[in-house]
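Structure record follows, encoded as structure tokens.
The values are calculated or read from the model by the stated rules, or taken from the named source; none is laboratory data. In this text, all values refer to a predicted model and were calculated from it rather than measured experimentally. So basically every Cβ, Gly included, is an ideal-geometry build from the backbone, and we count neighbours across all protein chains shown.
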């Protein structure tokens with residue numbers, strides 16, 4: 001029997017075996033300051049669902065994390081990753097963390113997994129009113145966005161209170177696709193466990209190895225890294241705002257709603273949904289998830305700038321979700337955050353201001369300037 005045809009298979013099996021037995025700590029050492037800098041605007045799953053890159057980021061004092069959802073991915077020249085990285089006298093670099101479907105519970109798990117690193121850390125958390133739907137976080141988004149590695153690290157946080165761990169476990173058990181229900185049921189009942197691991201050590205080790213390799217050798221480029229700044233490093237905030245207004249006017253010539261032309265074209269072609277009646281619901285489960293997130297960050301001692309972004313008032317009026325209905329949600333979001341110890345930057349008064357929202361739901365242009373100026377002020381507060 002000739003072995004030559006099987007040599008590639010044998011070599012592959014040997015290498016895979018070596019990968020399995022090498023400790024995750026060896027791979028974690030591959031993540032250095034250069035890797036973190038690259039990942040700061042990458043918005044990859046290694047950042048969004050991993051633990052190693054965020055661990056390293058929080059160990060440094062060089063970054064200001066900005067948590068949110070799909071708005072962070074938009075190729076907007078006024079995105080804070082572009083604006084802050086192109087301004088003089090900015091003390092920290094922005095680190096973007098969020099994607100579509102990253103609502104309160106997803107972010108809460110992500111932040112809870114970093115609980116021990118959060119004391120005194122400044123950060124921004126962008127709250128989108130569109131999250132507050134009839135059913136809250138969907139089963140599909142839960143399955144796609146909740147990270148097992150982060151859940152494992154969350155439940156291993158020694159300083160995270162048993163009460164908060166119980167609340168996490170009870171909420172997670174409401175999703176049919178959650179793994180290790182037996183473990184979560186014990187936590188939800190407040191039963192002490194010798195084994196604090198949500199995942200087996202073996203599985204956790206393999207996830208960390210994969211994260212490290214993908215972080216060092218990313219398969220995709222950042223959605224914002226190709227954007228050239230259109231403002232100057234020494235521009236005043238008034239100058240930047242003027243540039244944003246000019247840019248917004250230039251890119252919304254085809255409609256009366258202040259929606260960027262490319263998006264408006266998709267609406268006309270029926271490639272973007274118009275019916276949003278499931279949004280802006282006062283009894284949304286999302287409010288309880290927001291409470292859990294704010295309580296986690298308060299208990300951890302983080303210094304959070306909670307930013308409540310507006311919607312496109314003209315467009316929402318047009319599709320039948322009126323100002324009164326929207327304002328009730330804005331006010332309830334603000335009241336929830338403040339009641340649980342947070343401070344807000346409420347932008348809901350900008351619902352009808354042109355060029356603050358760049359399509360139906362996503363912040364843009366002038367909206368980003370307001371947010372980035374607020375972040376800059378928060379960053380430099382003593």
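On the given criteria, is residue 112 surrounded by fewer than 17 Cβ atoms within 10 Å (Cβ to Cβ) and either in contact with a helix residue (DSSP H, G or I) (Cβ under 7 Å, 6 or more places away or on another chain) or under 24 Å from residue 155 (Cβ atoms) (or both)? In short, no. A residue that is in a strand (DSSP E or B) and surrounded by fewer than 23 Cβ atoms within 10 Å (Cβ to Cβ) occurs nowhere in the range 129-137.
Could you check, for the range 327-342, whether at least one of its residues is within 17 Å of the chain's Cα centre (by Cα), in contact (Cβ under 8 Å) with a residue 40 or more places away in the chain and in a loop (DSSP other than H, G, I, E, B)? Looking through the range 327-342, none of the residues is within 17 Å of the chain's Cα centre (by Cα), in contact (Cβ under 8 Å) with a residue 40 or more places away in the chain and in a loop (DSSP other than H, G, I, E, B).
The residue pairs whose first member lies in the range 199-222 and is at positive phi and in contact (Cβ under 8 Å) with a residue 40 or more places away in the chain, whose second member is loosely packed, with under 12 Cβ neighbours inside 10 Å and in a loop (DSSP other than H, G, I, E, B), and whose beta carbons are closer than 9 Å, counting only pairs six or more residues apart or on different chains, do not exist in this structure.
Within the range 223-234, identify whether any single residue is closer than 23 Å to residue 146 by Cβ, part of a loop (DSSP other than H, G, I, E, B), out of contact with any strand residue (DSSP E or B) (no Cβ under 6 Å at 6 or more places or on another chain) and touching a residue at least 40 places away in the same chain (Cβ under 8 Å), and answer yes or no. So far as the range 223-234 goes, yes, one or more of its residues are closer than 23 Å to residue 146 by Cβ, part of a loop (DSSP other than H, G, I, E, B), out of contact with any strand residue (DSSP E or B) (no Cβ under 6 Å at 6 or more places or on another chain) and touching a residue at least 40 places away in the same chain (Cβ under 8 Å).
Could you check, for the range 351-365, whether at least one of its residues is touching a helix residue (DSSP H, G or I) at 6+ places or on another chain (Cβ under 8 Å) and in a helix (DSSP H, G or I)? The answer is no; no qualifying residue exists.
Can you give me the number of residues within the range 79-117 that are assigned to a loop (DSSP other than H, G, I, E, B), more than 18 Å from the chain's Cα centre (by Cα) and either under 21 Å from residue 33 (Cβ atoms) or touching a residue at least 40 places away in the same chain (Cβ under 8 Å) (or both)?
Step one: list which residues in the range 79-117 are assigned to a loop (DSSP other than H, G, I, E, B), which gives 79, 87-92, 99-103, 113-114.
Those left that are additionally more than 18 Å from the chain's Cα centre (by Cα): 87-92.
Those still in the list that are either under 21 Å from residue 33 (Cβ atoms) or touching a residue at least 40 places away in the same chain (Cβ under 8 Å) (or both) too: 87-88, 90-92.
Residues in the range 79-117 being assigned to a loop (DSSP other than H, G, I, E, B), more than 18 Å from the chain's Cα centre (by Cα) and either under 21 Å from residue 33 (Cβ atoms) or touching a residue at least 40 places away in the same chain (Cβ under 8 Å) (or both): 5 in total.
All conditions but one from (1) assigned to a loop (DSSP other than H, G, I, E, B); (2) touching a helix residue (DSSP H, G or I) at 6+ places or on another chain (Cβ under 9 Å) apply to residue 120; the one that does not is (2). The residue that is surrounded by the fewest Cβ atoms within 10 Å (Cβ to Cβ), counting only those in the range 198-234 that are under 19 Å from residue 50 (Cα atoms) and modelled with pLDDT of 90 or more, is 199.
Here is a list: 274, 259. Which entry is surrounded by fewer than 17 Cβ atoms within 10 Å (Cβ to Cβ), over 23 Å from the mean Cα position of the chain (by Cα) and in a loop (DSSP other than H, G, I, E, B)? Unique residue meeting the criteria: 274. The condition of being at pLDDT 90 or above, farther than 26 Å from residue 136 by Cα and either surrounded by 22 or more Cβ atoms within 10 Å (Cβ to Cβ) or in contact with a helix residue (DSSP H, G or I) (Cβ under 8 Å, 6 or more places away or on another chain) (or both) holds for residue 64.
On inspection, residue 295 does not qualify as part of a strand (DSSP E or B) and either buried (at least 20 other Cβ atoms within 10 Å of the Cβ) or in contact (Cβ under 8 Å) with a residue 40 or more places away in the chain (or both). Taking the conditions (1) out of contact with any helix residue (DSSP H, G or I) (no Cβ under 7 Å at 6 or more places or on another chain); (2) surrounded by 14 or more Cβ atoms within 10 Å (Cβ to Cβ); (3) without any contact (Cβ under 8 Å) to a residue 60 or more places away in the chain in turn, residue 285 satisfies each one other than (3). Among the residues making up the range 235-255, those that are in contact (Cβ under 8 Å) with a residue 12 or more places away in the chain, surrounded by 14 or more Cβ atoms within 10 Å (Cβ to Cβ) and assigned to a helix (DSSP H, G or I) are 237, 240, 241, 243, 244, 245, 247, 248. Taken as a whole, the structure leaves residue 156 outside the set of residues that are touching a residue at least 24 places away in the same chain (Cβ under 8 Å), surrounded by fewer than 19 Cβ atoms within 10 Å (Cβ to Cβ) and under 21 Å from the mean Cα position of the chain (by Cα). In the range 165-196, the residue that is surrounded by the most Cβ atoms within 10 Å (Cβ to Cβ) out of those that are modelled with pLDDT under 90 and touching a helix residue (DSSP H, G or I) at 6+ places or on another chain (Cβ under 9 Å) is 196. Among the residues of the range 304-326, just one is touching a helix residue (DSSP H, G or I) at 6+ places or on another chain (Cβ under 7 Å), more than 30 Å from residue 115 (Cα to Cα) and in a loop (DSSP other than H, G, I, E, B), namely 311.
Close Cβ contacts (under 8 Å, 6 or more residues apart or on different chains) running from residues in the range 166-191 that are at positive phi and free of Cβ contacts under 8 Å to residues at least 24 places away in the same chain to residues that are surrounded by 14 or more Cβ atoms within 10 Å (Cβ to Cβ) and part of a loop (DSSP other than H, G, I, E, B) comprise 180/198; 180/199.
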